[in-house]
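Visitor: Structure provided below as structure tokens; questions to follow.
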Amino acid sequence: MQSQGRSFKRLVVGLDVGPSDTSLHLAAELAERLRLDLLGLMVEDGNLRALAAMPFAREFRPLGGGWRPIDEQTLSHEQILARRRVERAFAEAVKRFAHRCRLEVVQGRAAELLAAISRTDDIVMISEPSNPAERATQPLSTLLDSAFRSAAAVMVVPPKIARWHGPVLAIAASPVDLAVAAAAEIAGALGEEVRIIDARSVVDSPAAHHLAAKPTLASSSECLVVMTRGAHGDTTALAIAARRGIPVLVIEPPGEAARVGEPTATGGRTRSRVP
Amino acid sequence: MEDSGPVEPRRPAIVPWERLYRRADLSGLAFATTAELAPIDGLIGQTRALEALRFGTKVDKDGFNLFVIGPTGARMQDAVRSVLERDAAARPTPSDWVYVNNFADPDRPLAIELPPGRARLFQVAMHKLIDDLKTALPSVFQSDDYHARRRAIDETFQGKQGEGFAALQQKATAQGIVILRTPMGFAMAPARDGQVIPPEEFNALPEARRHEIQEAIGVLEKELEGIIQRIPAWERQRRDEVRKLDRDTAKFAVDQLIDEAAEAFRELPAVAAHIERMRLDLVDNVALFVVKGEEGEEAAGHGRPANPFDRYEINVLVSRAPGSGAPIVEELHPTLGNLIGRIEYMALRGALVTHFRLIKAGAMHRANGGYLMLDARSIVTEPFSWAALKRTLRQGQIAIEDVGRFVGLNNTASLEPDPVPVKVKVVLFGDRLLYFLLAAIDPELSDHFKVLADFENDIPRTAENEALLARLIAVIAGRNGLRALDRDAVALVLEQAARLADHSGKLSLVVEQLRELLIEADFCAAEAGHAAIVRDDVDAAVAHRIRRAARLRDRAQESILEEVALIDTEGSHVGQVNGLSVHSIGGFSFGRPTRITCQVRPGSGRVVDIEREVELGGPLHSKGVLILSGFLAGHYALDTPMSLLASLVFEQSYGGVDGDSASSAELYALLSALAAVPLRQDLAVTGSVNQHGAVQAIGGVNEKIEGFFDICRARGLTGSQGVLIPQANVQHLMLRNDVIEACAAGRFAVYAIRTIDEGIALLTGHEAGHRVGSHYPEGSLNRRIEDRLRDFAEVQRNFARNGREAGRGD
């Protein structure tokens, strides 16, 4: 997909130990329809190995599992099982996928890895966990900060998606806002209509904030919002996604994308699989 | 027959040729062709059956169903239907019935009664409601209002949960502890800058510090455990809130639509109650009908055997137009399913499944409130149907049962639909034998079929009835699209009706036989290029029908003419007579002569029936032969023991013999043998006899006469040939035209016989002789017989005396 200087070639979706069907399904469908390569990125927390070496280490398992001691051998076995779960889910999601797709398992901290692995032609998909415990252990804001620090565009996905079809809405901060062209490009690929909101037309309130707060705004049936980072606050995308139950794509302004440049090396151990 | 004095027996009279056939009298009916005749229904001459039908249809009590019996081919169904139609039109139109889903127990669908014609309206209204709901429900659940409220609920609970974790996170961070997500759960570890302290570094810490950290982790773990254990409760609360929101939203969406749909059925409590149940079910199960955002939940209908809205459809079991009267249903194939309805199944992923919309009505449902016409033979031969019919009538309700479960064909889950109350008048049709058999072996028959309508086989042949039958012939021709019949053709059809009735004074009411004849006559008329069916066409049709069926008759006659089967048609012979028998094969009857012979000698007083001895004779035949013994015992040598051994046989008979119509012929052969007087072989004999010597009526007289006539004619008619028939059978004569012509020309004769004395005189040329005092007149045939019997007795006595003397000498 090419859009006036921003050319997206890859969709990167972060996968944890229990990937949600919603984010995987959305990632596969978007990648297919936008003709992007798909990279599933499973991050194994490197802290867990250090934890397992502690003499008092134990984990609490919900659903009646209770407290159980944890050691390196048990942890290793469970991580293998978790990888297999993710592999199965990923393979299921991309089984009809015509483009290149790949699942990588990396060790490290998700926030750092995302920033390091992504490129300027990536869309990094960040899904808001529905489970509060996961939200607590893996703060979304940290992830978002890392993603925004990268050269990639960022797609924020709410835990529940309200609509899978509908117009693509661009929030334009200026007449030459890249969000408009990107939204038009995506809408064309999805076979949907594109609608544009002029952020300056909303009196006393930035348009994006207004959109987040007022669900009855004119374009009420959109399935995706596209906006440019910097024109609005970084938490705006999260607020829109949460309030309206739809993904929000935040693209980097041209100068920012060039400034961020090439990704840094992660140093993490990587395993890859092509279904 | 008591002797009343010395009266000389009447000489047997030749039946005048005019009495051999009775021509139709249509003088009272003015018409050129049947096209001019006023139509008439099929119930002529059926006063008795008509009265039964009227009674049976008017009595509105349990068990007064009708069993209509009569001859095969009488087309009783048509006749009864015409009677029922008149009655049904004046009766109220029965209710419609529908099956609806039982939301509380889907395996037991509910039956609802509606006024006639309303079932389809109900179905359409519910279908429209469903269509509206399909649009309204998803749209209201996709509205921003709904999402906003839903999001508010989610955020409230997420906030509640998040606060707990955030506080814990904050507390942990303050104490240098991090919460980690493991593959299976959560754990805590000492950390610095968000990174877990390496184990070696932790182990290098002073013990007090390590202990302190572990204690802090222990406290936080308890808090973590508490928070996590509260998650299910929070989730339950959230789901309850969401469910309540869904119910409120659904109620908002469906209430107005349902109220509008229910308005048209407000006066029908059962329908209104169902719609209310439907409203509750919709609200309770709204998740089935709308696309859900929850992970793991499916969009409406996806992955389910049927559209979830199908549960609200209406299965119209039976519906009738208002004012259409009571239904008349004829079920020609009364299988259990066709009779009381059935539950169908459809294959789904390798399993058979069913639901209330797959319940199909049976004939009982369609006939409910009216009449159900069934063929008795069909229903008793269909498995389970007869029992189901009686059970339904006894219970007064139709309970659909799955035949597959009766015989263990399927064990899949099935339905138990609400039984439907039934008020139906069942009319069974069958032949008399079947009715009498059923009455004998099934005591419940009389409980359920209390009204018998017995159709006559024939009607008296009066001028009025001939006119009525002529009009019926016109109706048959009209209904079957046949040419009209001219007067002569109608007359011949009427005469054939008399022939079919085996009685010149009666007309057959077996309409199907007349219809077959008319169709063939029409064919002959078409071949001959006639605009109307004329007498020759009917005649040709009769001849063709006989020719097609008469191969066996022709072969039998051929064997006689070739003297393979020995039958004399001239001369005379002692102890030998031509008997006559009738063969009925495949609906065609023909007569043929059979030689009957007798041998006598002194003996123990027995008449041996050889047919009986070899088990070829039936009980009626044996009875006839035993009657001969009674005749001899009562007529001859009354003061002397019967010392006769006689043997009687049907020569060259290789099949079974039954009936007593040859008993007079056997007696003639026996008397001839006793008197040693020859019998004429140019005559054939039929008729049964009683112990007093009276000759009695038999069946098939026309075929028998024609059978002997055919042989005589083939060999050449001599003028002396003829047939002896019982006087009582003269009224049955409807002979073929060629026989009548021969009789009129004096080349053949039919003799009407009243007594054996008349017959033996004709067959021997000797007077039988009437007993005067204790003896028959000298020289009479009876005197010869009596003397012969006394001689046999003397022989027996001498034999016995010699035997005793020989015994003493020894």
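Visitor: Please go through segment A:78-111 and pick out each residue that is part of a helix (DSSP H, G or I), in contact with a helix residue (DSSP H, G or I) (Cβ under 9 Å, 6 or more places away or on another chain) and crowded, with 16+ Cβ neighbours inside 10 Å.
Guide: Of everything in segment A:78-111, those that are part of a helix (DSSP H, G or I), in contact with a helix residue (DSSP H, G or I) (Cβ under 9 Å, 6 or more places away or on another chain) and crowded, with 16+ Cβ neighbours inside 10 Å turn out to be A:79, A:89, A:90, A:93, A:110, A:111.
Visitor: Please go through segment B:146-162 and give me each residue that is within 8 Å of another protein chain (Cβ to nearest Cβ) and charged (D, E, K, R), ordered by number.
Guide: B:151, B:154, B:155
Visitor: Out of (1) assigned to a loop (DSSP other than H, G, I, E, B); (2) on the phi < 0 side of the Ramachandran plot, what's the single condition that is false for residue B:652?
Guide: The single condition residue B:652 does not satisfy is (2).
Visitor: Give me a count of the residues in segment B:348-394 that are farther than 23 Å from residue B:92 by Cβ, basic (Lys, Arg), assigned to a helix (DSSP H, G or I) and touching a residue at least 12 places away in the same chain (Cβ under 8 Å).
Guide: 4
Visitor: Which numbered condition trips up residue B:330, out of (1) under 27 Å from residue B:72 (Cα atoms); (2) assigned to a loop (DSSP other than H, G, I, E, B)?
Guide: (2)
Visitor: Given the conditions (1) more than 30 Å from residue B:115 (Cα to Cα); (2) of a type in the set (A, V, I, L, M, F, W, C); (3) at pLDDT 85 or above, which single one is not true for residue B:321?
Guide: That leaves (1) as the condition not met.
Visitor: Select from segment B:497-536 the residues that are surrounded by 20 or more Cβ atoms within 10 Å (Cβ to Cβ), in contact with a Ser or Thr (Cβ under 9 Å, 6 or more places away or on another chain) and among the small types (Gly, Ala, Ser) and list them in ascending order.
Guide: B:497, B:498, B:501
Visitor: State whether the residues of segment B:600-611 include one that is of a type in the set (S, T, N, Q) and in contact with a helix residue (DSSP H, G or I) (Cβ under 8 Å, 6 or more places away or on another chain).
Guide: Scanning segment B:600-611, I find no residue that is of a type in the set (S, T, N, Q) and in contact with a helix residue (DSSP H, G or I) (Cβ under 8 Å, 6 or more places away or on another chain), so the answer is no.
Visitor: Moving on. Which of the residues that make up segment B:734-792 are among the basic types (Lys, Arg), touching a Leu at 6+ places or on another chain (Cβ under 8 Å) and under 30 Å from residue B:492 (Cβ atoms)?
Guide: B:747
Visitor: Between a residue in segment A:112-127 that is outside any helix (DSSP H, G or I) and any residue that is polar (S, T, N, Q), which pairs come within a Cβ distance under 6 Å, given they are 6 or more apart or on different chains?
Guide: These pairs meet every condition: A:118/A:150; A:121/A:7; A:124/A:118; A:127/A:23.
Visitor: Restricting to segment B:272-288, and then to whatever is more than 15 Å from residue B:255 (Cβ to Cβ) and under 49 Å from the mean Cα position of the chain (by Cα), can you tell me which residue is surrounded by the fewest Cβ atoms within 10 Å (Cβ to Cβ)?
Guide: B:273
Visitor: Here is a check on your reading of the model: is residue B:25 acidic (Asp, Glu), under 26 Å from residue B:466 (Cβ atoms) and exposed (fewer than 15 other Cβ atoms within 10 Å of the Cβ)?
Guide: yes
Visitor: Continuing with this model, one more query. State yes or no: is residue B:266 out of contact with any Cys (no Cβ under 8 Å at 6 or more places or on another chain), away from chain A (no Cβ under 14 Å) and outside any helix (DSSP H, G or I)?
Guide: Yes; evaluated as a whole, the condition is true for this residue.
Visitor: Only residues that are of a type in the set (Lys, Arg) and either farther than 21 Å from residue B:309 by Cβ or free of Cβ contacts under 8 Å to residues at least 24 places away in the same chain (or both): list them for segment B:93-125, please.
Guide: Correct list: B:118 only.
Visitor: Could you tell me whether residue B:558 is surrounded by fewer than 17 Cβ atoms within 10 Å (Cβ to Cβ), free of Cβ contacts under 8 Å to residues at least 40 places away in the same chain and not in a helix (DSSP H, G or I)?
Guide: Criteria not met by residue B:558.
Visitor: Follow-up question, since we're still on this one. Would you mind telling me which numbered condition in (1) touching a helix residue (DSSP H, G or I) at 6+ places or on another chain (Cβ under 8 Å); (2) modelled with pLDDT of 80 or more; (3) closer than 30 Å to residue A:83 by Cβ residue A:227 fails?
Guide: So the condition that residue A:227 fails would be (3).
Visitor: Quick check on my filter: what residues within segment B:343-365 are under 17 Å from residue B:378 (Cβ atoms) and either surrounded by fewer than 22 Cβ atoms within 10 Å (Cβ to Cβ) or modelled with pLDDT under 90 (or both)?
Guide: Correct list: empty.
Visitor: I'd like to verify a number: residues in segment B:530-555 that are aliphatic (A, V, I, L, M) and without any contact (Cβ under 8 Å) to a residue 12 or more places away in the chain, how many?
Guide: Looking only at that region, the number is 1.
Visitor: Here is a follow-up. May I ask you to list the residues in segment A:64-77 that are surrounded by 19 or more Cβ atoms within 10 Å (Cβ to Cβ) and either more than 30 Å from the chain's Cα centre (by Cα) or more than 24 Å from residue B:227 (Cα to Cα) (or both)?
Guide: Passing the criteria: only A:70.
Visitor: While we're here: Tally the residues that are more than 10 Å from chain A (Cβ to nearest Cβ) and either in contact (Cβ under 8 Å) with a residue 60 or more places away in the chain or surrounded by 14 or more Cβ atoms within 10 Å (Cβ to Cβ) (or both), restricting the search to segment B:177-209.
Guide: Number satisfying all stated conditions: 2.
Visitor: From the set of residues in segment A:44-54 that are in a loop (DSSP other than H, G, I, E, B) and within 8 Å of chain B (Cβ to nearest Cβ), which is surrounded by the fewest Cβ atoms within 10 Å (Cβ to Cβ)?
Guide: A:53
Visitor: Between B:453, B:413, B:484, B:491, which is among the small types (Gly, Ala, Ser) and surrounded by 23 or more Cβ atoms within 10 Å (Cβ to Cβ)?
Guide: B:453
Visitor: Go through segment B:609-622 and count every residue that is surrounded by fewer than 16 Cβ atoms within 10 Å (Cβ to Cβ) and not in a loop (DSSP other than H, G, I, E, B).
Guide: Counting residues in segment B:609-622 that are surrounded by fewer than 16 Cβ atoms within 10 Å (Cβ to Cβ) and not in a loop (DSSP other than H, G, I, E, B) gives 3.
Visitor: Test residue B:317 against the criterion of being crowded, with 21+ Cβ neighbours inside 10 Å, assigned to a strand (DSSP E or B), more than 20 Å from the chain's Cα centre (by Cα) and in contact (Cβ under 8 Å) with a residue 60 or more places away in the chain, and give yes or no.
Guide: It is true that residue B:317 is crowded, with 21+ Cβ neighbours inside 10 Å, assigned to a strand (DSSP E or B), more than 20 Å from the chain's Cα centre (by Cα) and in contact (Cβ under 8 Å) with a residue 60 or more places away in the chain.
Visitor: Consider residue B:711 carefully, then state whether it is outside any loop (DSSP other than H, G, I, E, B) and aliphatic (A, V, I, L, M).
Guide: The answer is yes for residue B:711.
Visitor: State whether one or more residues within segment B:563-572 are part of a strand (DSSP E or B) and over 37 Å from the mean Cα position of the chain (by Cα).
Guide: Within segment B:563-572, one or more residues are part of a strand (DSSP E or B) and over 37 Å from the mean Cα position of the chain (by Cα).
Visitor: Sort out which residues of segment B:183-224 are of a type in the set (Lys, Arg) and at pLDDT 85 or above, and write them in order of number.
Guide: Once the filter is applied, which keeps residues that are of a type in the set (Lys, Arg) and at pLDDT 85 or above, segment B:183-224 yields B:209, B:210, B:222.
The values are calculated or read from the model by the stated rules, or taken from the named source; none is laboratory data. Just so it is clear, the structure is predicted and the values come from calculations on it, not from any experiment. All Cβ positions, glycine included, derive from the backbone under ideal geometry; neighbour counts span all protein chains shown.
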